[in-house]
Amino acid sequence: MTPEINFHFPRKLRLLRTADFHRVYKQRQSVASGPLIIYGAQQAMSLAHPRIGISVSRRVGNAVVRNQWKRRLREAFRQVRFQVDENNIDVIVVVRATGKPRAGQKAVQDMERDLVALIKRVISKIHTSHRGQATC
């Protein structure tokens with residue numbers, strides 16, 4: 001019998017506090033592709049799971065469009081959180097004002113693929129910067 005993977009998205013997987021957002025932004029480890037900018041940082045306390053925060057400004061569109069972005073990004077992260085190698089990382093996804101999110105299953109799959117690739121790139125940047133600090 002194979003173990004079931006739980007795909008729910010509890011609050012513990014979300015960055016909710018302003019202090020957590022400031023800590024991630026302060027480390028300035030970021031990568032960008034298309035409309036997404038990903039900021040990442042090691043968690044202050046090592047938790048057993050990655051966490052995500054989503055920031056969509058009013059420039060992106062009205063409340064309906066902003067909420068579409070947030071829902072699609074949360075769903076993409078929920079689907080791929082098991083593919084993220086690092087468990088003790090906090091990630092903030094910032095959406096640039098480039099248009100509406102595409103609809104359909106293909107768009108969600110593309111967003112999942114892009115999200116995993118960007119998160120892995122920011123993780124490697126974090127590890128590179130930590131190695132550089134350790135040798136100084």
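For the range 41-80, the candidate set comprises residues that are under 15 Å from D114 (Cβ atoms) and not in a helix (DSSP H, G or I); within that set, the residue that is modelled with the highest pLDDT is I54. Scanning the range 48-96 for residues that are of a type in the set (V, I, T) and without any contact (Cβ under 8 Å) to a residue 24 or more places away in the chain yields a count of 1. Looking across the range 8-40 at every residue that is part of a loop (DSSP other than H, G, I, E, B) and either of a type outside the set (D, E, K, R) or within 12 Å of the chain's Cα centre (by Cα) (or both), the one that is surrounded by the fewest Cβ atoms within 10 Å (Cβ to Cβ) is identified as H8. Give me the residue from the range 81-109 that is among the β-branched types (V, I, T) and farther than 23 Å from R23 by Cα and, out of that set, modelled with the lowest pLDDT. Going through the qualifying residues, I end up with V108.
The values are calculated or read from the model by the stated rules, or taken from the named source; none is laboratory data. For clarity, every value in this text was computed on a predicted model and none was experimentally measured. In this analysis, Cβ positions are derived from the backbone assuming ideal geometry, glycine residues included, and neighbour counts consider all displayed protein chains.
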